[in-house]
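Chemist: Sending over a structure as structure tokens; questions will come in a sec.
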Amino acid sequence: MLTHYRDYESFKQVAVPILERRPDVHQLPLGILERGDVPILMAIAEEGNRTIVVLQTIEEQAILAGDVFTYEGIRKLSRILNCPGYVGEQAIIEPLLVSHSPFQTKMDQGIYALTTVIPPVTLDYEFRLIEERFADQAVAFGWSFIQETGALPATERSRLKNEQTIRKHIQADTLFGLFDGDQLLAMASSSRPTASGVTISYVFTPQKWRKQGIASYLVACLSEHLLQQYPMVSLYTDWSNPTSNKIYQAVGFELVGRSVQITKRPKYQ
């Protein structure tokens, strides 16, 4: 059974308690609901005593979060929703990637959570908010992040969206950097705050400053800062990049789940 919702608050009343059963894994949909992004699709899917929250706020994909449906159940839900892509826990999404599937994997991710920081080696750099005067440099960092990770397609629309996002973070005091004097070495943002936690994203260090412990130190400093306000910090990693996964594990992040982002193959779009 699939129940669609038009009223945002009514949907939140049903969806949030389901998602809060595992807030460490569900910080993405919880944060989006808290932020109040304009929804394209809101629904609750049920299969026996299993429930999946369906939330779509961007055209490219819908979030699927909750229980694991049967093989036929999730494939039927996908056909009914007919979205161009989905993101959700690996166990939920995997049946949509069987042989001859219209979908292909766009990104395989690890979901990590932290409540206590393991202090890394202290570096002689300053952790602080990124101010407006560093906006152009931060925008360039953000665009490099997108090009390296494939988080968004490398289009003019994405370039403009990146600039808008970075500048919003700066205005909201949610973009942080590691500095050597006035030289920005690395950046990271906090986003999607909820009562259960907050997410770190946009972690980026240019190639010339990598392999010096800069990313680890920045993430540790930012996590310490955020844990003064929130009970938990979470983040997503590129599962195919073992280096970045080790960086986060080294400062105390623990793997709590796997997430898969899928999109329709070109001939099915």
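The values are calculated or read from the model by the stated rules, or taken from the named source; none is laboratory data. None of these values were measured; they are calculated from a predicted model. Counting neighbours? That spans all protein chains shown, and the Cβs are built from the backbone with ideal geometry, glycine included. SASA here: full protein model, heavy atoms, side chains in, ligands and nucleic acids out. Shrake-Rupley method; radii C 1.70, N 1.55, O 1.52, S 1.80 Å.
Chemist: Find all pairs meeting these conditions: Cβ atoms under 7 angstrom apart; at least six residues apart or on different chains; first residue within the stretch 178-195 and at positive phi; second residue in a strand (DSSP E or B).
Modeler: Pairs found: ARG192/VAL198; ARG192/THR199.
Chemist: In addition: Return the pair list, or none, for Cβ contacts closer than 7 Å from residues in the stretch 1-25 that are over 14 Å from ASP67 (Cα atoms) to residues that are aromatic (Phe, Trp, Tyr) and open to solvent by 50 Å² or more (accessible area, probe 1.4 Å), at least 6 apart or on different chains.
Modeler: Short answer, once both residue conditions are applied: PHE11/TYR5.
Chemist: From ILE118, ILE111, ILE130, ILE146, which residue is in contact (Cβ under 8 Å) with a residue 12 or more places away in the chain and farther than 25 Å from TRP209 by Cα?
Modeler: ILE111 is the lone residue from the list that is in contact (Cβ under 8 Å) with a residue 12 or more places away in the chain and farther than 25 Å from TRP209 by Cα.
Chemist: Hey, any hits in the stretch 82-96 for a residue that's over 28 Å from ILE200 (Cα atoms), open to solvent by less than 80 Å² (accessible area, probe 1.4 Å) and of a type outside the set (S, T, N, Q)?
Modeler: Yes; the residues of the stretch 82-96 include at least one that is over 28 Å from ILE200 (Cα atoms), open to solvent by less than 80 Å² (accessible area, probe 1.4 Å) and of a type outside the set (S, T, N, Q).
Chemist: Of the residues THR243, THR237, THR174, which is at pLDDT below 95, within 19 Å of the chain's Cα centre (by Cα) and crowded, with 16+ Cβ neighbours inside 10 Å?
Modeler: THR237
Chemist: Return only the number of the condition from (1) open to solvent by less than 70 Å² (accessible area, probe 1.4 Å); (2) out of contact with any Ser or Thr (no Cβ under 6 Å at 6 or more places or on another chain); (3) not in a loop (DSSP other than H, G, I, E, B) that LEU30 does not satisfy.
Modeler: Going through (1) open to solvent by less than 70 Å² (accessible area, probe 1.4 Å); (2) out of contact with any Ser or Thr (no Cβ under 6 Å at 6 or more places or on another chain); (3) not in a loop (DSSP other than H, G, I, E, B) one by one, LEU30 breaks only (2).
Yes/no matrix, rows are residues, columns are (1) in a helix (DSSP H, G or I); (2) on the phi > 0 side of the Ramachandran plot; (3) in contact (Cβ under 8 Å) with a residue 40 or more places away in the chain:
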position	(1), (2), (3)
VAL219	yes, no, no
SER223	yes, no, yes
SER234	no, no, yes
ASN245	yes, no, yes
TYR248	yes, no, yes
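Chemist: Now for a different question. Report, by residue number, each residue of the stretch 146-168 that is open to solvent by 30 Å² or more (accessible area, probe 1.4 Å), touching a helix residue (DSSP H, G or I) at 6+ places or on another chain (Cβ under 8 Å) and assigned to a helix (DSSP H, G or I).
Modeler: ARG159, GLU163, THR165, ARG167
Chemist: Restricting the search to the stretch 108-126, which residues are hydrophobic (A, V, I, L, M, F, W, C) and over 22 Å from LEU19 (Cα atoms)? Show your work before the answer.
Modeler: Let us first name the residues in the stretch 108-126 that are hydrophobic (A, V, I, L, M, F, W, C), namely 111, 113-114, 117-118, 121, 123.
Within the stretch 108-126, VAL117, ILE118, VAL121, LEU123 meet the criteria.
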